[in-house]
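A short worksheet on the structure shown next.
The values are calculated or read from the model by the stated rules, or taken from the named source; none is laboratory data. The structure displayed is predicted, hence computed values, not measured ones. No Cβ is skipped: glycine too gets one built from the backbone with ideal geometry, and neighbour counts run over all protein chains shown.
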Amino acid sequence: MTNAPPIDWLRMSGSLLLVIALLLGMLWMLKRLKAMQEKHSGPRQMELLETLSVGVRQKIALVRVGSRQVLVGMTPGQFTALGSWDTASGVGPAPAPNPRTQEQLP
């Protein structure tokens, strides 16, 4: 017969609670750091406006970079700029047609 020491349940549960508290504290700190970075970095210069799937693994994306909009074709192996225009000059994509007005046409 061996005399193994009894498990100290109080110490084990305290250690587990400490580890969980440390993990939650780190998550809270990371969220605060991310919010501070976004606050101090200023406005974003690049924004994905819309994507359209045109095939199984092909997409078209409309991206705004500063004051320019760029239409990009994407495949698994390549990105291709299909066109670009300046949105500050008032020239941009045509607005989407209103489906209600199309229904009213004879």
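The table below gives the values:
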| read-out | value |
| --- | --- |
| Set 93, 97, 43: member being part of a loop (DSSP other than H, G, I, E, B), surrounded by 10 or more Cβ atoms within 10 Å (Cβ to Cβ) and modelled with pLDDT under 95 | 93 |
| So residue 74, is it aliphatic (A, V, I, L, M), at pLDDT below 95, surrounded by 10 or more Cβ atoms within 10 Å (Cβ to Cβ) and part of a helix (DSSP H, G or I) | no |
| Filtered residue count, the stretch 77-90, keeping only those that are modelled with pLDDT of 90 or more and in a loop (DSSP other than H, G, I, E, B) | 1 |
| Test result for residue 61, modelled with pLDDT under 90, out of contact with any helix residue (DSSP H, G or I) (no Cβ under 9 Å at 6 or more places or on another chain) and surrounded by 10 or more Cβ atoms within 10 Å (Cβ to Cβ) | no |
